[in-house]
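Inspection log for the structure reproduced underneath, given as structure tokens.
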Amino acid sequence: MNPNWYYAKDGQPVGPVDLATITQLYHEGKIAPDCLVWQDGTPDWVPASSVLGRAGNESAQPPAALPTATGKVDLEACVMEGWHAFKEHWGILLVGTLILFVLPLLWNIPFSVADLALGGFPTGGKTPEMTPVRLAVSLLSIVVSLVLQPPLQAGFALLILQSLRGTPDLGTLFVPYKTCWLKLVQAAFLVFLLIVLVVAVPTGLLVYAYLQKQKMLVALLAVLLLALLTYFSFCVIFINPLIADAGYGVIEAFRRSVQAVNRNLLAIFALVAVALVLYIIGLLLCCVGILAAAPLAMAMFMAAYRQILMPQASPPAP
């Protein structure tokens with residue numbers, strides 16, 4: 001057998017190995033179903049489950065429709081690919097979106113109940129006093145969300161990627177809890193700290209200008225702060241898929257996401273604008289439309305991820 005297969009580990013290609021070896025590793029659980037694999041002569045890396053789950057001979061090939069990463073966002077292609085994936089797999093994507101929205105509500109219920117038990121309901125238009133215990137409960141709720149939410153969001157991105165590749169599996173939502181939970185949590189805390197650092201100075205200046213009643217300066221600083229937050233939110237948009245799908249470390253995923261966005265800033269801005277339109281339409285449809293808008297918008301962003309960040313041959317860096 002020809003040793004022409006590679007699999008991704010810690011963001012690096014491992015190989016070459018032959019088909020029998022990589023299939024054995026897959027069935028022994030040493031290669032996860034969502035781990036990226038690549039065969040020499042094929043256009044792109046694909047999840048192991050899409051080829052090794054059915055591999056039985058040397059002719060096993062990934063789907064021919066996979067695009068090759070070009071480094072540039074094709075807005076029209078992103079919209080069309082996203083729509084096609086949603087149209088083909090809308091049922092499982094709607095269920096996945098519902099899980100994405102409902103689970104955070106469920107794990108926050110104990111904290112809400114504890115807060116009510118400690119402070120009671122507002123009476124006479126006055127909110128209950130914020131005691132140290134209630135503050136601790138609130139902070140614990142935030143920490144739990146920072147720990148549990150990033151893997152779920154990354155799992156949703158993986159589910160969307162699978163729908164683009166043609167093989168969505170609802171169980172993929174929970175795969176990051178097993179494969180890269182710690183890296184995703186570290187990335188979430190890194191992003192949080194960077195946001196604090198980015199907005200600290202302009203926020204302080206904004207408060208000072210407001211206290212000094214400098215209306216023009218307040219307006220300028222408010223615009224600057226909004227621009228900084230918008231730009232930073234763009235820069236981190238691909239961190240989760242780079243960690244959960246491609247296997248990169250936190251710093252490398254952040255670096256690659258920033259580089260990719262800077263190369264395609266206008267296109268990403270246009271993609272965000274399209275997503276916002278979808279969310280507005282979803283809200284107008286009695287909020288139920290959000291269940292459709294969320295996976296459709298994410299599918300467009302994951303199509304962009306495939307265009308500009310998914311590795312390619314020689315062997316590609318996963």
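Of all residues in the stretch 174-201, count the ones that are farther than 16 Å from residue 241 by Cα and of a type in the set (Phe, Trp, Tyr).
2
Among the residues that make up the stretch 145-161, is at least one of them over 15 Å from the mean Cα position of the chain (by Cα) and not aliphatic (A, V, I, L, M)?
Taking the stretch 145-161 and keeping what is over 15 Å from the mean Cα position of the chain (by Cα), we get 145.
Right, trim to not aliphatic (A, V, I, L, M) and you get 145.
There is at least one residue in the stretch 145-161 that is over 15 Å from the mean Cα position of the chain (by Cα) and not aliphatic (A, V, I, L, M).
Please determine, by comparing only the residues of the stretch 260-318 that are of a type in the set (Gly, Ala, Ser) and in contact with a strand residue (DSSP E or B) (Cβ under 9 Å, 6 or more places away or on another chain), which one is modelled with the highest pLDDT.
Narrowing the stretch 260-318 to residues of a type in the set (Gly, Ala, Ser): 260, 267, 270, 273, 275, 282, 289, 292-294, 297, 299, 303-304, 313-314, 317.
This time we only want the ones that are in contact with a strand residue (DSSP E or B) (Cβ under 9 Å, 6 or more places away or on another chain), so: 313, 317.
Numbers: 313: 36, 317: 47.
Selected residue: 317.
Is it the case, given these coordinates, that residue 262 is free of Cβ contacts under 8 Å to residues at least 40 places away in the same chain and either outside any helix (DSSP H, G or I) or not charged (D, E, K, R) (or both)?
So residue 262 fits the description; yes.
At least 2 residues that are touching a helix residue (DSSP H, G or I) at 6+ places or on another chain (Cβ under 7 Å) and surrounded by fewer than 17 Cβ atoms within 10 Å (Cβ to Cβ) in each: list the helices (runs of 4 or more DSSP H) lying fully within the stretch 130-232 that qualify. So that I can check it myself, show each step before the final result.
Working: elements: 132-165, 175-179, 181-211.
It comes to 132-165, 181-211.
Could you grab me the full set of residues in the stretch 265-298 that are touching a Phe, Trp or Tyr at 6+ places or on another chain (Cβ under 6 Å) and either assigned to a loop (DSSP other than H, G, I, E, B) or within 24 Å of residue 228 (Cβ to Cβ) (or both)?
Hit for the stretch 265-298 is 268, nothing else.
Is there any pair with a first residue in the stretch 10-22 that is within 26 Å of residue 249 (Cα to Cα) and assigned by TED's automatic domain parsing to the domain that holds residue 35 and a second that is of a type in the set (Asp, Glu) and at pLDDT 75 or above whose Cβ atoms are under 8 Å apart and which are 6 or more apart or on different chains, and what are they?
11/252
The values are calculated or read from the model by the stated rules, or taken from the named source; none is laboratory data. As the structure is a computational prediction, the values presented were derived from the model and not from experiment. Counting neighbours? That spans all protein chains shown, and the Cβs are built from the backbone with ideal geometry, glycine included.
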